[in-house]
Amino acid sequence: MGVARRLAVLVVMLGVLTGGCAGTRAGTMGVLATRDALVTLVVSRQQAVVAQECPPRITATPILGCQTSRPVTQPDGQTARIVKIVRYTDALPSEMAFEIDLHEICHAIAALQPIRDPCHNGNGGQVLSGAHPRAPIASRSRVGKVFPARGFPLSGPLAML
């Protein structure tokens, strides 16, 4: 189990121990060849979880979020930067909204690096939780065109892109 995955499990366990699983959502996405997750996202209603997951800082106000990153060398010699985003919230997103956020953040982080986009590894570009399991997630390719996962046609404003 990769470091990022263990960290996400630890954050979820911490949320359960300090006030129930409804207080924190954590997940990882974009498994690289090194077994590290490209992105880890932690959203919590508990400021203590956010403070614990963020690097210590001297501040007069509570820490409401942070992002940390570190380089990981891939087997082919390329370097990828894995990212952890932690933020406080007043209301947790639904499981489905959280998964979509995590997925799209993964694509954004992958697009800014010279790596193959790993964000569909293990999910096939589909929402796996929430009210509409297996619904396709529209994805943006590196050239800027929008294409649907699994060949579903786009409609509305997205169809004009």
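The values are calculated or read from the model by the stated rules, or taken from the named source; none is laboratory data. Fair warning: this is a prediction, and the values are worked out from it, not measured in the lab. Glycine gets a Cβ as well: all are built from the backbone with ideal geometry, and neighbour counts include every protein chain shown.
Regarding the stretch 109-116, can at least one residue be identified that is farther than 24 Å from CYS54 by Cβ, surrounded by 13 or more Cβ atoms within 10 Å (Cβ to Cβ), at pLDDT 95 or above and not basic (Lys, Arg)? Checking the stretch 109-116: at least one residue is farther than 24 Å from CYS54 by Cβ, surrounded by 13 or more Cβ atoms within 10 Å (Cβ to Cβ), at pLDDT 95 or above and not basic (Lys, Arg).
Of the residues making up the stretch 35-57, those that are among the charged types (D, E, K, R) and surrounded by fewer than 17 Cβ atoms within 10 Å (Cβ to Cβ) are ARG35, ARG57.
If the condition is being modelled with pLDDT under 95 and aliphatic (A, V, I, L, M), then the stretch 34-48 contributes only ALA48.
Is there a residue being assigned to a loop (DSSP other than H, G, I, E, B), at pLDDT 90 or above and charged (D, E, K, R) anywhere in the stretch 119-140? No, because not a single residue in the stretch 119-140 is assigned to a loop (DSSP other than H, G, I, E, B), at pLDDT 90 or above and charged (D, E, K, R). Filtering the stretch 76-85 to residues that are of a type outside the set (Val, Ile, Thr) and at pLDDT 95 or above leaves ALA80, ARG81, LYS84.
Selection over the stretch 39-52 of residues that are assigned to a helix (DSSP H, G or I) and under 15 Å from the mean Cα position of the chain (by Cα) gives a count of 0. If the condition is being surrounded by fewer than 16 Cβ atoms within 10 Å (Cβ to Cβ), part of a loop (DSSP other than H, G, I, E, B) and either touching a residue at least 40 places away in the same chain (Cβ under 8 Å) or not small (Gly, Ala, Ser) (or both), then the stretch 62-88 contributes PRO62, LEU64, GLN74, PRO75, ASP76, GLN78.
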